[in-house]
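Okay, structure first, notes after.
The numbers here are math on the coordinates, done by the rules we state, and not lab data. For clarity, every value in this text was computed on a predicted model and none was experimentally measured. All Cβ positions, glycine included, derive from the backbone under ideal geometry; neighbour counts span all protein chains shown.
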Amino acid sequence: MDDEVEKLTKTEVKELGFSDRLIEALLPEPELRDNPRYRYAGAPMKLWLKSDVDRAMETDEFKEHLKVREKRSLAARKAAETRRAKTLARARERAPLIEVIQGWSEDEIRESALRSHYEWEVAKGNYWDDSYRCDDERTVSRWMVNFVRHELTDYDHELYEMSGRTGIGEVHRLYHDAVLREIAKAYPFLEGECKRQMIGPSDAGEQGEGGA
């Protein structure tokens with residue numbers, strides 16, 4: 001009969017907003033029961049009657065705790081948004097300054113891209129890789145754009161400088177596409193592949209030029 005009474009685990013209690021301190025202060029001693037999923041893990045599972053949890057949630061102490069927690073959560077979200085805005089602002093400032101080393105011929109970029117891809121495969125342990133013989137133009141074009149992006153621009157350095165900051169995912173999309181647009185300008189024979197590799201919308205218009 002006792003098993004029909006609804007009980008909550010510690011995880012479920014915490015999902016309702018309880019901290020460890022409030023659990024100790026407002027709830028009775030839990031029922032200890034072997035964990036059915038991790039029977040040999042050692043620590044027993046703690047259970048509280050839902051009715052006891054409900055009563056604790058009606059106390060002034062719990063309600064005040066929720067208010068404080070919500071204020072902290074709101075402050076944290078605002079701080080994160082501020083950090084995100086700063087990171088995006090930096091990326092937008094850097095985007096117009098992107099430079100692509102020019103003067104390479106199409107054949108030079110092709111040869112370097114094939115060699116770079118081959119060296120990358122060898123570095124991973126694929127010593128018998130024959131990618132340098134690849135004759136699929138779509139694949140080779142992708143490697144060529146990748147070579148220019150990583151070797152003839154400051155793409156990797158700029159993203160490294162911004163790594164770990166709030167909003168880096170959005171920044172990556174912004175800066176990635178901005179670099180591709182500049183590569184297409186510097187090497188028109190790569191324009192089609194640059195467009196294929198863009199992460200953002202292709203018809204972003206003026207906003208896209210700034211960093212969509």
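Annotations for the structure displayed:
- As a calculated quantity, the FRET efficiency between GLN102 and LYS195 at R0 = 25 Å, using C-beta atoms, amounts to about 0.80.
- Listed residues ARG181, ARG72, ARG149, most fluctuating in the chain (Gaussian network, C-alpha, under 10 Å): ARG72
- Counted residue by residue at 0.36 nm each, then reduced by the alpha carbon distance between them, the extension gain from TRP128 to ALA25 reaches 30.5 nm.
- Taking label positions 7 Å along the Cα-Cβ direction at both ARG69 and LEU16, the computed distance is 1.1 nm, reported to one decimal.
- For region 86-211, diffusion coefficient by Stokes-Einstein and Kirkwood Rh (Cα), 37 °C, 0.692 mPa s, µm²/s: 213 µm²/s
- Low-density loop positions, chymotrypsin sites (Phe, Trp or Tyr not before Pro), region 114-194 - DSSP coil, at most 10 other Cβ in 10 Å: TYR127, TRP128
- Helical segments meeting 18 Å axial Cα length and Kyte-Doolittle 1.6 threshold in the chain (DSSP H): none
- Here semi-axes √(5λ) of the Cα gyration tensor in Å was computed from the coordinates, and among (1) 34, 21, 14; (2) 56, 25, 13; (3) 27, 22, 18 the match is (2).
- Region 106-174: C-alpha gyration tensor shape, a/c 1.5 cut-off, then a/b vs b/c: prolate
- Structure remark: mean-square fluctuation, Gaussian network model of the chain, C-alpha springs under 10 Å; the largest value among ARG77, ARG142, ARG133 belongs to ARG133.
- Just checking the listed ones, LYS46, LYS78, LYS185: in the Gaussian network model of the chain with Cα springs under 10 Å, the one fluctuating most is LYS46.
- Proximal lysines to LYS185, defined as alpha-carbon separation beneath 25 angstrom and excluding residues fewer than eight positions away on the same chain: LYS195
- With at most 14 neighbouring Cβ atoms within 10 Å, loop GluC sites (Glu not before Pro) (DSSP) excluded, longest segment of the chain: 100-212
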